[in-house]
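The values are calculated or read from the model by the stated rules, or taken from the named source; none is laboratory data. Here the structure is a predicted model, which is why all the values come from computation and not from measurement. Virtual Cβ from ideal backbone geometry, glycine too; neighbours counted across all protein chains shown. Side chains included, ligands, DNA and RNA excluded: accessible areas come from the protein's heavy atoms. Shrake-Rupley method; radii C 1.70, N 1.55, O 1.52, S 1.80 Å.
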Amino acid sequence: MEEALLEQQIQAAELDQLQKKARIKVEKDCNKALSEIKSLKIVKKTGDTHGCWFKDPTEGSAKVYLLSGIRNRTLVEYPSLRSFTDRTATPQATVLQLPFQWQGTGHVVYNGFIFYHKADTPNQIMKVDLLNGTVVDSTLLPGAGRLPVYSLNPNTYLDLAVDELGLWVIHADPEYEGNLVITKLDKGNLAVEYTWDTRCRSRDAEGAFLICGTLYVVYNTRYGGRSTIQCFYDIRDTVHRDESPVMFFPKRYTSHSSIHYHPGDKQLYAWDDGYQTIYRVETQRHDQVTVE
């Protein structure tokens with residue numbers, strides 16, 4: 001009786017996984033894969049050695065955000081990329097104080113809200129309205145926060161990301177050999193939509209990002225070197241290894257403390273040893289997508 005019940009539970013879980021994969025496939029026509037990291041542009045050097053910067057990926061938004069360091073409450077908002085790079089441009093940047101300190105470099109701004117890892121908590125994610133600085137929602141991410149996401153960035157335990165499919169969290173799971181786990185969140189109420197265990201290791205990783213539901217993990221050495229993408233995980237099994245070989249970043253022998261993909265710009269916004277840099281990426285489209 002117990003074995004039969006266990007088998008039913010396993011079959012129900014597998015069916016639920018297939019249904020959720022199919023639902024993502026139907027709701028979002030998104031079957032692009034990363035094919036090349038084309039070029040590097042050093043935009044500026046400001047702030048600490050570690051930090052993160054990015055644009056709000058919401059359509060029509062040009063604002064740029066900067067969070068310097070690995071623990072703080074200060075968020076700097078620029079009206080555009082031009083105002084970020086040009087010190088003489090007006091209007092000047094806006095300095096915002098968040099209600100709680102953030103930890104690490106894995107934060108994002110999405111649709112006018114900042115989503116960040118609250119300091120002094122293992123796995124609490126805050127959602128704050130940037131118009132009035134109030135907490136809209138928060139959640140505790142099950143199973144997260146016990147290991148740094150990437151061994152080369154030991155202060156980041158939750159790495160939030162945005163792609164064409166929405167809001168994600170990347171974290172490492174000690175019960176899964178320390179490999180990376182990706183969780184899809186509802187951007188409205190922060191509810192967990194689904195979680196995928198990947199085979200991508202956190203050891204020697206310095207960052208990761210998602211494009212159309214595919215996780216790309218960036219590796220380096222602890223001494224700094226040329227960053228490479230050596231592992232990826234596609235939630236819908238539509239991208240195969242022969243279609244995404246090992247990819248090298250343009251030559252620059254340092255290290256990244258954060259990498260954020262912008263689905264509108266098709267660019268990576270990276271914090272490269274204190275330099276704010278932009279990588280332009282190329283994607284290729286798969287005309288036939290199947291759900292296995």
Relative to the present Cα-Cα distance, how much length would full extension add between LEU131 and GLU36 at 0.36 nm per residue of separation? 30.5 nm
How about region 80-182: which trypsin sites (Lys or Arg not before Pro) there lie in a loop by DSSP and see at most 16 other Cβ atoms within 10 Å? ARG87, ARG146
D (µm²/s, integer) via Stokes-Einstein for region 78-203, Kirkwood Rh across alpha-carbon pairs, 25 °C, 0.890 mPa s: value 158 µm²/s
Any idea how far apart THR254 and GLU175 come out in nm if each label point goes 7 Å out from Cα toward Cβ? 3.9 nm
Contour minus Cα-Cα span, GLN101 to TYR223, at 0.36 nm per residue, comes to 41.0 nm
Only loop residues by DSSP count here, and only those with at most 10 other Cβ atoms within 10 Å; note down the chymotrypsin sites (Phe, Trp or Tyr not before Pro) in region 26-86 that meet that. none
For ALA62 and TYR194, calculate 0.36 nm times their separation in residues minus their Cα-Cα distance, and state this gained length in nm to one decimal. 44.5 nm
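Dipole of region 40-122, Cα-centred, from +1 at each Lys and Arg C-beta and -1 at each Asp and Glu C-beta, to the nearest 20 debye?
220 debye
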What ranking, highest mean first, results for peptides 103-110, 185-192 when packing means the other Cβ atoms within 10 Å averaged over each residue? 103-110, 185-192
Exposure rank, largest accessible area first [GLU206, GLU36; 1.4 Å]: GLU36, GLU206
Heavy atoms of THR94 accessible to a 1.4 Å probe, total area in Å² rounded to 10: 60 Å²
